[in-house]
4 protein chains.
Amino acid sequence: MSKVFSIPIRIYYEDTDAGNVVYYANYLKFMERARTEWLRALGLELDEIARREGVIFAVRYARVDFIKPARFNDLLQATVELIKRGHASMTFAQRIQRESLTLCEGEVKVACLDTATLAPRAIPNHLVTHLDPGAST
Amino acid sequence: MSKVFSIPIRIYYEDTDAGNVVYYANYLKFMERARTEWLRALGLELDEIARREGVIFAVRYARVDFIKPARFNDLLQATVELIKRGHASMTFAQRIQRESLTLCEGEVKVACLDTATLAPRAIPNHLVTHLDPGAST
Amino acid sequence: MSKVFSIPIRIYYEDTDAGNVVYYANYLKFMERARTEWLRALGLELDEIARREGVIFAVRYARVDFIKPARFNDLLQATVELIKRGHASMTFAQRIQRESLTLCEGEVKVACLDTATLAPRAIPNHLVTHLDPGAST
Amino acid sequence: MSKVFSIPIRIYYEDTDAGNVVYYANYLKFMERARTEWLRALGLELDEIARREGVIFAVRYARVDFIKPARFNDLLQATVELIKRGHASMTFAQRIQRESLTLCEGEVKVACLDTATLAPRAIPNHLVTHLDPGAST
């Protein structure tokens, strides 16, 4: 009964660099796609949340170990697991794999912010019900 | 007495792809940087224009010939020349060169839009004074 | 009996800009993803082609009309249709749609190049069999 | 007598996202530009190093705190300081500032790799002479 959520990521030319590998900053994009799709799988759409609840989520901290390179045309998996839900933030463990090989792994902390002021805001109750790890599987 | 404006562009890893050349869509970014700096050189800052005049500029049409590749660490020139100023649009001839060699050249049409509605708007008079080719050199 | 091939494109934050719409140069990335998946659907993998045949494909020309903006979280369709197959090039009609609404449409010409020299090369016979419009549906 | 090296970074539309701020992964690009220009200021060009010495540098680890947002048209400073030079790696403290305000700060570890095999390699002596903190100011 795993709480790890995963999506496929196909590597296109746009993702690579002249070192003939995936440009390292792009793994952060893949991790974000995984977080977005994880929320969608929980029934939460970020554009609706912004409109209805007046909050957006912004990355406050990221730590990534780049272990092995990915290459053009690779089919990867981007995984996400909520490891801590705070009052106004969420922390995720994330990994990019090619089959069973981990290419990079990291931790990303996302803050809940007011759309207008960009000041921290408590995660709305309506979301908490969906996000609470105890309820998310 | 040329009306062609030019800025230097240094190529970093972020700009390249696994073909060991600059990723073609990135030339459009370099062309936009040239347009932005050309406006700045005319005394026009796009963020101030958005706040004060309530208009933004959006690309409506682009045509680019990709002639020769650029590579990592190249120092290029991105040029811009206003070739037509319409009521609510501007059309630019643009070129990316490495020294005297043209790497790509194209044409970009930019529309003036209302910030809120994204509907077309006449270019504000205050800008026209700066933009009119007769006055821009 | 349509020859138009299409893939879904989900819009993430990485694709948008401060105008609150998709950054225009990114549509070229979506069009390339569609071309790559069209080839894959024909049984052609670009990394294998580079290794076995010693050729890569590079964009030589692109023309795009940006008609309506896409926004964060939109689910789009990117379509591709081979409209001309030359000796050493292919020309595609491409479109980005949100449901039945066309957001942008354009034409992209791709050249077949030698991997090592980047000089033009005839499209290998093995590929032509797959690519010929008469055989591609 | 500071060992901190700094370059200006202008924010263009390409750097922003629909949150109306700079897309967080792009700060990693700005940090890389600063490292590349720091090397250039020391007389080291990465393309020449790849050709002559057969080594490239790849990011192995990055940690970034995103503190305050940057916006379209901001003029930032990206700073870099070599804080540890290992046998086959370098670790940098990096910061992005708008005037005296720190927008993000982090640490980036870069490994020296063989161009062909991507296996770790000792930093060539010729580079060490330039890189040694004792000699770098």
Considering each of B:ARG95, B:ARG85 in turn, give the residue that is of a type in the set (Lys, Arg) and in contact with a strand residue (DSSP E or B) (Cβ under 7 Å, 6 or more places away or on another chain). B:ARG95
Just the residues that are among the acidic types (Asp, Glu) and out of contact with any Gly (no Cβ under 9 Å at 6 or more places or on another chain), please, taken from the range B:62-98. B:ASP74, B:GLU81
Is it the case that the range D:107-114 has a residue that's under 22 Å from A:TYR61 (Cβ atoms) and within 14 Å of chain C (Cβ to nearest Cβ)? no
Report whether or not B:GLU48 is more than 25 Å from C:ARG60 (Cβ to Cβ) and in contact with a Pro (Cβ under 9 Å, 6 or more places away or on another chain). no
Condition broken by D:ARG63, with the remaining ones in (1) surrounded by 18 or more Cβ atoms within 10 Å (Cβ to Cβ); (2) in contact (Cβ under 8 Å) with a residue 40 or more places away in the chain; (3) outside any helix (DSSP H, G or I) satisfied: (1)
Residue check, A:GLU105 in a strand (DSSP E or B), open to solvent by 40 Å² or more (accessible area, probe 1.4 Å) and either farther than 26 Å from A:ARG10 by Cβ or modelled with pLDDT of 95 or more (or both): yes
Scanning the range D:46-61 residue by residue, those away from chain B (no Cβ under 14 Å), under 16 Å from the mean Cα position of the chain (by Cα) and not basic (Lys, Arg) turn out to be D:TYR61
Given the options A:ALA58, A:ALA34, name the one that is open to solvent by less than 10 Å² (accessible area, probe 1.4 Å), touching a strand residue (DSSP E or B) at 6+ places or on another chain (Cβ under 7 Å) and touching a residue at least 60 places away in the same chain (Cβ under 8 Å). A:ALA34
Quick one: is C:LEU127 open to solvent by less than 20 Å² (accessible area, probe 1.4 Å), out of contact with any strand residue (DSSP E or B) (no Cβ under 9 Å at 6 or more places or on another chain), more than 9 Å from chain B (Cβ to nearest Cβ) and not small (Gly, Ala, Ser)? no
Spot the failing condition for B:LEU76; the list is (1) under 23 Å from D:MET31 (Cα atoms); (2) within 11 Å of another protein chain (Cβ to nearest Cβ); (3) over 12 Å from the mean Cα position of the chain (by Cα); (4) surrounded by 18 or more Cβ atoms within 10 Å (Cβ to Cβ), and only one is missed. (2)
State whether the residues of the range C:17-29 include one that is part of a strand (DSSP E or B) and either farther than 13 Å from C:CYS104 by Cβ or open to solvent by 30 Å² or more (accessible area, probe 1.4 Å) (or both). no
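The values are calculated or read from the model by the stated rules, or taken from the named source; none is laboratory data. Everything quoted here is computed from the prediction, not taken from an experiment. Glycine also receives a Cβ, built like all others from the backbone with ideal geometry; neighbour counts cover every protein chain displayed. Each accessible area value is taken on the protein alone, full model and side chains, heavy atoms only, with ligands, DNA and RNA left out. Shrake-Rupley method; radii C 1.70, N 1.55, O 1.52, S 1.80 Å.
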